[in-house]
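Only the coordinates and a few stated rules stand behind these numbers; no lab work does. Everything quoted here is computed from the prediction, not taken from an experiment. Heads up, the Cβs are rebuilt from the backbone with ideal geometry, glycines too, and the neighbour counts pull from every protein chain shown.
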Amino acid sequence: MKKCVFCGGHVEKKMVTFTYEDEDKYLLVEHVPAEVCTRCGEKIYSPKVTDDLLEFAKDKFKPVKTIKVPVFDFAIHP
Ligand SMILES: [Zn+2]
């Protein structure tokens with residue numbers, strides 16, 4: 001049985017949404033196979049999956065859809 005390297009919790013195979021953030025760029029990749037810790041929520045990707053995710057970040061593929069993401073500024077609220 002695999003364990004989380006961070007907290008020693010139980011790790012489960014799941015499909016997750018990967019989020020990538022870099023300066024003004026923000027993208028999501030859905031249905032990514034990962035192992036997720038049921039205790040701390042840490043997501044672990046295999047080296048192959050990590051390589052593939054970096055390809056998405058390089059704008060190599062056409063997105064399946066585009067969503068609007070509202071941006072708030074915590075310093076500016078009544
Ligand atoms: Zn954990």
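If the chain linking THR19 and TYR45 were pulled fully straight, counting 0.36 nm for each residue of separation and taking away their Cα-Cα distance, it would gain 8.1 nm. Estimated purely from DSSP H runs of n ≥ 4, each contributing -39500 (n - 2.57), the mean residue ellipticity at 222 nm for the chain is -4500 deg cm²/dmol once divided by its residues.
Within the set LYS14/LYS62; LYS2/LYS58; LYS43/LYS65; LYS2/LYS60; LYS2/LYS25, which residue pairs have Cα atoms separated by over 26 Å? Among LYS14/LYS62; LYS2/LYS58; LYS43/LYS65; LYS2/LYS60; LYS2/LYS25, the Cα-Cα distance tops 26 Å for LYS2/LYS58; LYS2/LYS60; LYS2/LYS25. Return one number: the angle in degrees, 0 to 90 and rounded to the nearest 10, between the long axis of the Cα atoms of helix 47-57 and the longest principal axis of the Cα atoms of the chain. Roughly 10 degrees between the two axes. Counting every other Cβ atom within 10 Å of each residue's Cβ, VAL69, VAL5, VAL29, VAL16 order from fewest to most as VAL69, VAL5, VAL16, VAL29. With a Förster radius of 35 Å applied to the beta-carbon distance between LYS3 and ALA75, the computed FRET efficiency rounds to 0.30. Taken over the Cα atoms of the chain, the convex hull encloses 145 Å³ per residue.
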